[in-house]
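Data block below; observations after.
The values are calculated or read from the model by the stated rules, or taken from the named source; none is laboratory data. Please read these numbers as outputs of a predicted model, since none were measured by experiment. All Cβ positions, glycine included, derive from the backbone under ideal geometry; neighbour counts span all protein chains shown. Accessible surface is based on the protein model in full, side chains and every heavy atom, while ligands, DNA and RNA are left aside. Shrake-Rupley method; radii C 1.70, N 1.55, O 1.52, S 1.80 Å.
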Amino acid sequence: MPILELTAEPFVDVAADVLVLPLVAGAGDAPASVPGSPEISEAVAGLAPSAARGDLHRLPSTGLAAATTLLLVGVGEEDLSAVSAEDLRLAVGAATRSLTGVGRAALALPTASDAQRAAALEGAALGAYAFTAHKTGTGEKAPKGALAEIVLLAGEAGTDALEPALERARVLSGSVDLVRDLVNTPPNLLPPAEFARRAEELVADLPITVTVLDEAALAEGGYGGIVGVGQGSTRPPRLVRLEYAPAGASRSVSLVGKGITFDTGGISLKPAPGMDDMTSDMAGAATVLGATLAAARLGLDVKVTTFLALAENMPGGGAQRPGDVVTMRDGTTVEVLNTDAEGRMVMADALVDAVAEEPDLVMDVATLTGAAVVALGKRTGGVMGTETGRSAVVAAAERSGEPFWPLPFPQELRADLTGRVADLRNIGERPGGALSAGIFLKEFVGSTEWAHLDIAGPAFASAPLGYMGKGATGMSVRTVLQVLEDHAGAAGA
């Protein structure tokens, strides 16, 4: 993640490689302009730059500012005050994402509010990401890293008012970058045991305790879903439990993340095209890990107990077969009719443990179904669950700027999950597949308040958008963290 700083200097005086400025649309025949800077507006008017959101224009500063170059970014409105927080994140994030190999950028929003500056800082930090761990080269052929340093110009209010926003942006962008790094890591380098080891390493300096169950402990503990999914791989499964429990916390949330470190579909083998994207099938586990770390670093007054359900779904000689029956953690028996419906199997086992914590809310995050992508597209996540749990996530998503859409649990879909020789079967009919998967999970949460986030579409991107490049996006970290902040705030109310 980049170094983030604040300064009270006028933007024309800040030394930087690049000065990033907003470009608003002109009213009527008026040209696009930079708010608060008639000199720069006059200088660029003849270029007729587009002010559409995210459009970028980089040009020499030619004495207009101390920075070497200017980067104008369109915000899509005629008045900066009309630009939403998320549109600012996306626009400014597109700007910093373009600055690979640059050392220092200054970000100025001369007429913006402090809330807008905070959002822009988040977007700038989120955009300054590049995954170069496996690229080689030296000298001119060396891979270009992300923008290294961002300084936000605080405006007339001064830097003190923005210090909390700066700290939150540091923590948030660090957590999102961690999730991106984990999801972008090639699956041969991140089997379940290595994922568990990294989780232990990441919390070593935080007030978080860790327990890791290996394959023997999982079998002994009756985690039939996790064991069954992982038994076709030579790299056995793990269940990681993390606990952040600040003294005196009166509210508690349990998080569960799907951690299929690679998904071939098992015996129900996936088609080859696009299978390489299944390196992202552990994005849910990465997300809840990142959110737990952020909660601890921000010192939130809420207990967080997190479960990472980790397995590799392979079609080895020991793999479970369509038609097998497994016994889950709570004793429920399940017919495995499709081994590619594996995420709900590992999640169900972990949900049993999460509910046993008796939290105020259980929230699970998973790249669970292709059906969610068909229904909502590649950028929007689905949220299901109890009315209270679902509403909490939708409200948090609106505040964080992440697109989630509430989905129902039609009663008639439950009958499709009744097993022929066991209590349940792991798939229903094809129509409403994302809903059936959620209804399956519902069987393991009882009466606990619960929300299920299906991020199969937005967790991994084939095209860039704003602060998100290709590959892992880190989408849903902000929403999960906002839910935890809301619970911490409720405890203090």
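What the table below lists for this structure:
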{"read-out": "Selected residue (criterion: nearest to D349 (Cα to Cα)) from residues of the stretch 185-223 that are over 16 Å from the mean Cα position of the chain (by Cα) and among the polar types (S, T, N, Q)", "value": "T211"}
{"read-out": "Some residue of the stretch 181-198 being modelled with pLDDT of 95 or more, closer than 16 Å to L6 by Cβ and touching an Asp or Glu at 6+ places or on another chain (Cβ under 8 Å)", "value": "no"}
{"read-out": "Residues of the stretch 208-253 that turn out to be closer than 26 Å to A295 by Cβ, out of contact with any helix residue (DSSP H, G or I) (no Cβ under 6 Å at 6 or more places or on another chain) and of a type outside the set (A, V, I, L, M), as a count", "value": "7"}
{"read-out": "Test: residue in the stretch 171-184 that is open to solvent by less than 20 Å² (accessible area, probe 1.4 Å) and more than 17 Å from the chain's Cα centre (by Cα)", "value": "no"}
{"read-out": "All positions within the stretch 265-282 that are open to solvent by less than 10 Å² (accessible area, probe 1.4 Å) and more than 20 Å from the chain's Cα centre (by Cα)", "value": "G265, G266"}
{"read-out": "Some residue of the stretch 200-219 being buried (at least 20 other Cβ atoms within 10 Å of the Cβ), small (G, A, S) and in a loop (DSSP other than H, G, I, E, B)", "value": "no"}
{"read-out": "From the options A285, A319, residue that is buried (at least 17 other Cβ atoms within 10 Å of the Cβ) and assigned to a helix (DSSP H, G or I)", "value": "A285"}
{"read-out": "Filtered residue count, the stretch 313-359, keeping only those that are of a type outside the set (G, A, S), out of contact with any Pro (no Cβ under 7 Å at 6 or more places or on another chain) and closer than 22 Å to D281 by Cβ", "value": "21"}
{"read-out": "Residue satisfying all of: in the stretch 35-63; under 14 Å from L19 (Cα atoms) and loosely packed, with under 13 Cβ neighbours inside 10 Å; nearest to the chain's Cα centre (by Cα) among these", "value": "P60"}
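For (1) assigned to a loop (DSSP other than H, G, I, E, B); (2) on the phi > 0 side of the Ramachandran plot, each residue gets a yes or a no:
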position	(1), (2)
E9	yes, no
L23	no, no
A27	yes, no
A30	yes, no
L47	yes, no
S50	yes, no
G63	yes, yes
A67	yes, no
